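Trainee: There's a structure below that I have some questions on.
Please treat every number below as a calculation from the coordinates, not as lab data. Here the structure is a predicted model, which means the values were calculated and not measured. Positions of Cβ are generated from backbone atoms using ideal geometry, with glycine treated the same way; all protein chains shown enter the neighbour counts.
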Amino acid sequence: MLDKTYDPRSVEAELYAYWENAGLFKPDVADPQARPFSIVIPPPNVTGALHMGHALDNVLQDALTRWRRMQGCRALWMPGTDHAGIATQSVVERQLKAEGLTRQGLGREAFLARVWQWANSCKGGITGQLRRLGVSPDWSRERFTLDEGCSRAVRQAFYALYQRGLIYRGEYIVNWDPVSQSAISDIETEYADEDSFLWEVAYPVVGASGKKLIVATTRPETLYGDAAVAVHPEDPRYQELIGKQVLLPLTGKTIPIIADDYVDMAFGTGALKITPAHDPNDYRIGVRHQLEPVNVIDEKGALRDLPFIPEPVRGLDRDEARRLTEELLQTGGYLARKLPHRHRVGRAQRSGAVIEPLLSTQWFVKTAPLAQDALAALERGEIRFIPERWTRDYLRWMTNIQDWCISRQLWWGHQIPAWHCASCAQTTVAIEDPDVCGHCGSSDIRQDEDVLDTWFSSGLWPFSTMGWPNEAAPDYQTYYPTDVLVTGFDIIFFWVARMTMFAHALTGRSPFHTVYIHGLIRDEKGQKMSKSKGNTVDPVKAIEQYGCDGFRFGLLSLVTYGAQDIKLAPDKLELGKVFANKLWNAARFTLMNLEGVDDAPIDRAALSGMDRWILSRYHRAVAEANQLLEEYKFGELAALLYEFIWNGFCDWYVEYAKTQLRDPARATNARRILLTLLNGLLRLIHPVMPFISEAIWRKLPHTPTESVSIAPYPQADGDWIDARVTDDVELTLAVVRAARNIRQQYNLPPAAAIRLMIEAPDARERQALADNRDILDHFLKLESLTMSAALSERPSHAAANVVGAARILVPLEGLIDVAQELTRLGKKLEALKDEQDALYQMLGNFEFLERAPQAVVDKNKARLSEVKNQAKLLEEQLASLSA
């Protein structure tokens, strides 16, 4: 028998250990001939604990996996974690800094050992948290982006793409993060408008005494790297200057004045300083005009020690160099004006540092050819986005894609499988470490010190985890391509796009058929969660407060199909906890009344209208649940389960069944129905609420499997769905609710029998209510029931309500003191009218509306609406009593 109350902590750890030890999460539990279903986890970074976004993502994946497993599929959910290059290295470097150490001081080998120690510790913490969430991946297949298999796949992919000319090494402008001291990709750079200044600097024209060319710039500290000043070829102001030289202020150097169509004549002075090593647009102009780029800012974001840079500026941070350069320009008479200016600034997503466009030798992927194959697959319908609107974002990104810088100046990650030869200066790319140069045979070679961008290995995740590049690997043969990817919209470009490109280039197939995109979790006010704001929610603490099933159900109930951001409302999580308790109590009652129940089929001939109604609703709910899961409508699924289990099964049918269980002639069939329903709804809700469904399942008699997790997911039987019975009983229950509302309004004692009078002009409705008289008797404690198309005589002092076309009357004589009730209600109405007048006066006062906070105004408006509704209800009650 079930305990009196449900205690999640007493069952969750035990049940999870049972599932895992019994191997129930492995696809081997299914028929070997069954259809495979596979899904790969978006691997969490080994940088710390999981957050609410991870919790949501994994609960959604688990619901899908458990559902498919129960359908009999060979369901594989592949778990794993990501080494997260920059993020993880930054975490460990901060730890070292607190200890007074640096990675350079430790050396590469010792530093990597330290990071491995951290990563392994984090992996253990993450998998522990995932177990607390009750998720069901096959832990025996757990992967890590730096494990041997994934590392082999990375080398194979790099080699294959290099051989096809899709990976190359070259010197280009990159986004440089001076904090991590590494190049980062365009989509790891976030741009926003920031307030700054526009400096107008006078460049003396060589050979033209006193003539100066005024150049506008947002970065005076980079002028030491200027290679030219550009003007538009059609700008009449500067026609005679094109081809001449100007003196580069503070340096003693001269640079040419060139003409280029890129220059915007309307911006600033129409003259643009060209710094090819520190601006991507300037770099392209420099290439066109064969200008020599000069790096004047180093990897730390400081001015380099170069002879033409004024000595006081050398070694200064960019910001300090800007301040001092401004002073030197002012002192030297070069600064014409300094104007307030707002412009776009790029910052590294991870560190928040202003990125430095830097000319650097890096490794790149040619993404345009890869994107073409991925887009063709989309057009062929091989991959789809749900909701479909995210297809447009994916298309826009893939259509305008730029080459991807994949090298990072880090130590933690996949070291690039390329070796540079000191003898012939050629590069050898190989899968296995070579002993000699592949071009000249020299043994004087060294491996490239850079590592690959984390997203390179993550981009291989759907197939590297399945055994690729060994295409004969059993998992690759069976489970690739995967069925669905579940992820937030924030990494469509970081991850989804790269997976699709790599998959087509390396396997010839899309990595998944469906990409389900969900919204991001925010706090209950809609603000982004962050530790600095103090509004984060720890999933494990939430599980301890609400129970895992309550937490999971509450999360799913917040998910909208349109992938809007999710406001994490605590009342929804509390609702999940209360729902679990409601289910437990209904199951406990049912199990207490199943003594001697057999596994014989339900006797259809002996069914009451209420029996047929609940069985019809059950099969309809089963059909809808399967359809909603097929369509990834998780919020709607939670609402369906809540409505059927709480309202249909618990509040109505379980209560009604008490009458049948007391009747020896009906008790046997009632037990069969209760067992059938409880068995079915436990299977129905298991993908969402796995622990409580398993705990109750263990107590059920005549179950087909030891664990509900591998029991067949319910399938609807259309023979049980009866729309007419459903409509008839729903009408009857609506009458019950209407009569109950009258009881509540007039404070009628619960045990008091009432006379119910129904005026129903519709013959069909009268017949339906007559057929279900037993429902009215059970729920309303009727003394009598009078029903006709039109009542010949209406009783005085009767409370009334309306259901559809029918009017419900309950005579109150003998149940209440009518005179006393009229007095009570009259005083209450008078008080409400006084409050209503006061609120009207307040809200009609212009001075109050001007001065009061909007929240106060809104609160009073809401209260006025509430008072008006209450007053209207009281007026209706008084009218009924006075009739």
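Trainee: What FRET efficiency, computed as 1/(1 + (r/R0)^6) with R0 = 41 Å and r the Cβ-Cβ distance, is obtained for ALA13 and GLN477, rounded to the nearest 0.05?
Mentor: For ALA13 and GLN477, the calculated efficiency is 0.70.
Trainee: Another question about this same structure. Can you give me the distance in nm between label points at GLU148 and LYS859, each placed 7 Å from the Cα along the Cα-to-Cβ direction?
Mentor: Distance between label points: 6.6 nm.
Trainee: Calculate I(q)/I(0) for the range 467-591 by the Debye formula, one identical point scatterer on each C-alpha and no solvent, and give its log10 at q = 0.10, 0.17 Å⁻¹ to two decimals.
Mentor: With one equal scatterer per Cα and no solvent, log10 I(q)/I(0) is -0.52, -0.94.
Trainee: Beta carbons within 10 angstrom, averaged per residue: use that to sort the peptides 261-274, 334-347, 716-729, highest first.
Mentor: Ranked by mean Cβ neighbours within 10 Å, highest first: 261-274, 716-729, 334-347.
Trainee: What residues of the range 550-565 lie in the reach of a label at ASP3, counting those whose backbone N is under 13 Å from a point 7 Å from the Cα along Cα→Cβ?
Mentor: Counting backbone N atoms under 13 Å from the label point, the list is empty.
Trainee: Please tell me which of these pairs span more than 26 angstrom C-alpha to C-alpha: LYS827/LYS872; LYS338/LYS528; LYS533/LYS572; LYS97/LYS567; LYS572/LYS781?
Mentor: Those over the limit are LYS338/LYS528; LYS97/LYS567; LYS572/LYS781.
Trainee: Nearest 10 degrees, 0 to 90: what angle lies between the long axis of helix 609-630 and the longest principal axis of the chain (Cα atoms)?
Mentor: Between helix and principal axis, roughly 10 degrees.
Trainee: Now for a different question. Distance from a point 7 Å along Cα→Cβ of GLU595 to each backbone N in the range 665-690: keep the residues under 20 Å and list them by number.
Mentor: 665-676
Trainee: Residues of the range 602-634 with the amide nitrogen closer than 13 Å to a label point 7 Å from the Cα of GLU655, along Cα-to-Cβ, please.
Mentor: Correct set: none at all.
Trainee: Additional query: Taking θ as phi - 60°, what are the ³J(HN,Hα) couplings along the range 307-320 by the Karplus curve (6.51, -1.76, 1.60), each to the nearest whole Hz, with x for Gly and Pro?
Mentor: Coupling constants for the range 307-320: x, 8, 8, x, 4, x, 8, 4, x, 6, 4, 3, 5, 5 Hz.
Trainee: Related question: Any idea which of TYR656, TYR642, THR676 is furthest toward the positive side of the dipole for the range 632-753, if Lys and Arg beta-carbons carry +1 and Asp and Glu beta-carbons -1?
Mentor: Ranked along the dipole, the leading option is TYR656.
Trainee: Using only helices, what value at 222 nm comes out for the chain when you add -39,500 (n - 2.57) per DSSP H run of length 4 or more and divide by the total residues, to the nearest 500 deg cm²/dmol?
Mentor: Helix contribution divided over all residues of the chain: -13500 deg cm²/dmol.
Trainee: Quick one: if you take sqrt(5λ) for each eigenvalue of the C-alpha gyration tensor of the range 243-312, what semi-axes come out, biggest first, whole angstrom?
Mentor: Equivalent-ellipsoid dimensions as semi-axes: 23, 15, 12 Å.
Trainee: May I pose another question? Charges at C-beta only: +1 for Lys and Arg, -1 for Asp and Glu. How large is the resulting dipole of the range 145-221 about its Cα centre, in Debye rounded to 20?
Mentor: Roughly 620 debye for the range 145-221.
Trainee: Hey, another quick one. Could you size up the charge dipole of the range 69-108 around its Cα centre, putting +1 on the beta carbon of Lys and Arg and -1 on that of Asp and Glu, and report it in debye to the nearest 20?
Mentor: About 140 debye.
Trainee: Can you tell me the orientation of helix 52-70 relative to the chain, as the angle in degrees between its alpha-carbon axis and the longest Cα principal axis, to the nearest 10?
Mentor: Orientation of helix 52-70: about 60 degrees from the principal axis.
Trainee: Would you mind counting up the charge near GLY286? Only other residues with Cβ under 11 Å from its Cβ, with Lys and Arg at +1 and Asp and Glu at -1.
Mentor: -3
Trainee: Something else: Within the chain, which cysteines find no other Cys whose Cβ is under 4.7 angstrom from their own?
Mentor: By the Cβ distance rule, which asks for a partner under 4.7 Å, the isolated cysteines are CYS73, CYS122, CYS150, CYS405, CYS548, CYS650.
Trainee: Also, quick follow-up: Positive end of the charge dipole of the chain (Lys, Arg +1 and Asp, Glu -1 on Cβ, about the Cα centre): tell me which of LEU555, TRP411, ALA376 has its Cα farthest that way.
Mentor: With unit charges placed on the Cβ atoms, the residue in question is LEU555.
Trainee: Using +1 on the beta carbon of Lys and Arg, -1 on that of Asp and Glu, and nothing else charged, what's the dipole of the chain about the Cα centre, debye to 20?
Mentor: Dipole size: approximately 840 debye.
Trainee: What is the distance, in nm, between label points placed 7 Å from the Cα along the Cα-to-Cβ direction at THR361 and at ASN747?
Mentor: Between THR361 and ASN747, the simple spin-label model gives 9.1 nm.
Trainee: Relative contact order of the range 51-186: what whole-number percent is it, with Cα pairs under 8 angstrom and at least 6 residues apart?
Mentor: Across the range 51-186, relative contact order equals 31 percent.
Trainee: Given a Förster radius of 35 Å and the C-beta distance between ARG737 and LEU843 as r, what FRET efficiency does 1/(1 + (r/R0)^6) yield to the nearest 0.05?
Mentor: The computed FRET efficiency comes out at 0.50.
Trainee: Determine the sum of side-chain charges near THR88: Lys and Arg each +1, Asp and Glu each -1, restricted to other residues whose C-beta is under 14 angstrom from that of THR88.
Mentor: Here the charged neighbours net out to +3.
Trainee: Taking the Cα atoms only, what angle lies between the long axis of helix 108-132 and the longest principal axis of the chain, rounded to 10 degrees?
Mentor: Roughly 10 degrees between the two axes.
Trainee: By the scheme Lys and Arg +1, Asp and Glu -1, what is the net charge of all other residues having a beta-carbon under 11 Å from that of VAL59?
Mentor: After counting each charged neighbour, the total is -1.
Trainee: Taking 0.36 nm per residue of sequence separation and subtracting the Cα-Cα distance, how much length would be gained by fully extending the chain between SER788 and GLN372, in nm to one decimal?
Mentor: Additional length available on full extension: 142.5 nm.
Trainee: For q values of 0.11, 0.17, 0.18 Å⁻¹, compute log₁₀ I(q)/I(0) with the Debye formula on a Cα-only model of the range 279-351, without solvent.
Mentor: -0.40, -0.95, -1.05
Trainee: Further, regarding this structure: Normalising by the residue count of the chain, find the relative contact order in percent from Cα pairs under 8 Å and 6+ residues apart.
Mentor: 12
Trainee: Next question. Normalising by the residue count of the range 279-414, find the relative contact order in percent from Cα pairs under 8 Å and 6+ residues apart.
Mentor: Dividing the mean separation by the residue count of the range 279-414 yields 18 percent.
Trainee: Subtract the Cα-Cα distance of ASP762 and ASP435 from 0.36 nm times their separation in residues, and report this length gain in nm to one decimal.
Mentor: Here the segment from ASP762 to ASP435 would lengthen by 108.4 nm.
Trainee: Which one of GLN61, LEU607, VAL46 is farthest out on the positive end of the charge dipole of the chain, using unit charges on Cβ (Lys, Arg +1; Asp, Glu -1) and the Cα centre as origin?
Mentor: It is LEU607.
Trainee: How long is the gain from TRP397 to ALA605 if the chain were fully straight, where each residue apart is worth 0.36 nm and the alpha carbon distance is subtracted?
Mentor: 68.7 nm
Trainee: Only loop residues by DSSP count here, and only those with at most 12 other Cβ atoms within 10 Å; note down the GluC sites (Glu not before Pro) in the range 455-550 that meet that.
Mentor: GLU471
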